[in-house]
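What follows is a short report on a single structure.
Nothing in this text is a laboratory measurement; each read-out follows from the coordinates by a stated rule. In this text the structure is predicted, and so the values were computed from the model without any measurement. Heads up, the Cβs are rebuilt from the backbone with ideal geometry, glycines too, and the neighbour counts pull from every protein chain shown.
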């Protein structure tokens with residue numbers, strides 16, 4: 001393993017907190033990707049790919065296994081999101097010929113909520129027993145199986161909505177970021193905790209900005 005991919009390879013110590021190269025680079029790439037997403041900038045996707053690769057190595061080393069598996073999903077969806085935004089279907093494009101912002105239908109929220117709750121419970125049960133099921137890969141028990149699983153499932157839902165450029169994705173991200181801020185703080189991953197605390201505010205801006213963009217599209221839409 002390259003030394004900078006080791007969480008114990010320290011880049012700098014800030015207020016007695018040892019910050020690794022891995023955590024620092026993941027922090028910077030994560031901030032940049034989310035800021036670009038809040039601006040509906042397509043370059044958020046390739047920057048996000050860098051972030052998820054680094055986060056995969058990091059979460060494995062701090063025994064947050066659902067978060068680790070989540071990065072595999074994020075890697076795939078970053079590729080899909082990049083393609084989806086760049087190749088909208090006819091009638092879905094904005095002035096830049098990219099996928100335009102829209103709202104989700106109410107009935108979709110119902111099944112999405114039910115699926116999120118049930119999936120979080122099942123995944124938490126599995127994560128709590130990973131060190132027994134696969135001891136060769138997971139020598140230590142999952143640190144917070146149910147809370148970590150909720151973060152994972154909500155993140156999947158939010159990412160699905162973001163790939164489709166739905167405004168509601170930011171409301172889900174605010175919830176994810178708030179939970180993750182607490183989770184990483186109690187796991188003593190304070191720099192990542194600060195990162196997700198900042199994400200809360202960026203997600204709030206994203207919700208406001210995407211809704212404004214939707215209102216402009218709606219206002220300029222031709223009358224039927």
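When you look at residue 218, is it without any contact (Cβ under 8 Å) to a residue 12 or more places away in the chain and over 26 Å from residue 59 (Cβ atoms), yes or no?
Values: without any contact (Cβ under 8 Å) to a residue 12 or more places away in the chain: yes; over 26 Å from residue 59 (Cβ atoms): yes.
Criteria met by residue 218.
Considering only residues that are touching a strand residue (DSSP E or B) at 6+ places or on another chain (Cβ under 6 Å) and part of a helix (DSSP H, G or I), which ones fall in the stretch 165-190?
Of everything in the stretch 165-190, just one residue is touching a strand residue (DSSP E or B) at 6+ places or on another chain (Cβ under 6 Å) and part of a helix (DSSP H, G or I), namely 190.
With the requirement that a residue be in contact with a helix residue (DSSP H, G or I) (Cβ under 7 Å, 6 or more places away or on another chain) and either surrounded by fewer than 20 Cβ atoms within 10 Å (Cβ to Cβ) or in contact (Cβ under 8 Å) with a residue 60 or more places away in the chain (or both), what does the stretch 59-68 give you? It would help to see each step written out before you state the result.
Initially, the stretch 59-68 is screened for residues in contact with a helix residue (DSSP H, G or I) (Cβ under 7 Å, 6 or more places away or on another chain), giving 59-60, 64-68.
The answer is 60, 64, 65, 66, 67.
Scan the stretch 191-210 and tell me whether some residue there is surrounded by fewer than 19 Cβ atoms within 10 Å (Cβ to Cβ), outside any helix (DSSP H, G or I) and out of contact with any strand residue (DSSP E or B) (no Cβ under 9 Å at 6 or more places or on another chain).
no
Looking at the stretch 123-156 only, could you name the residues that are more than 17 Å from residue 72 (Cα to Cα) and loosely packed, with under 12 Cβ neighbours inside 10 Å?
The answer is 132, 133, 134, 135, 136, 139, 140.
Just to verify a result, which residue in the stretch 18-50, among those that are under 16 Å from residue 6 (Cα atoms) and more than 13 Å from the chain's Cα centre (by Cα), is surrounded by the most Cβ atoms within 10 Å (Cβ to Cβ)? First the steps, then the outcome.
Residues of the stretch 18-50 that are under 16 Å from residue 6 (Cα atoms), as a first pass: 18-27.
Now drop any that are not more than 13 Å from the chain's Cα centre (by Cα), which leaves 18-25.
Details: 18: 14, 19: 16, 20: 21, 21: 18, 22: 22, 23: 25, 24: 17, 25: 17.
My answer is 23.
Suppose we keep only residues that are farther than 23 Å from residue 67 by Cβ and surrounded by 11 or more Cβ atoms within 10 Å (Cβ to Cβ) within the stretch 105-120. Which one would you say is nearest to the chain's Cα centre (by Cα)?
The selected residue is 109.
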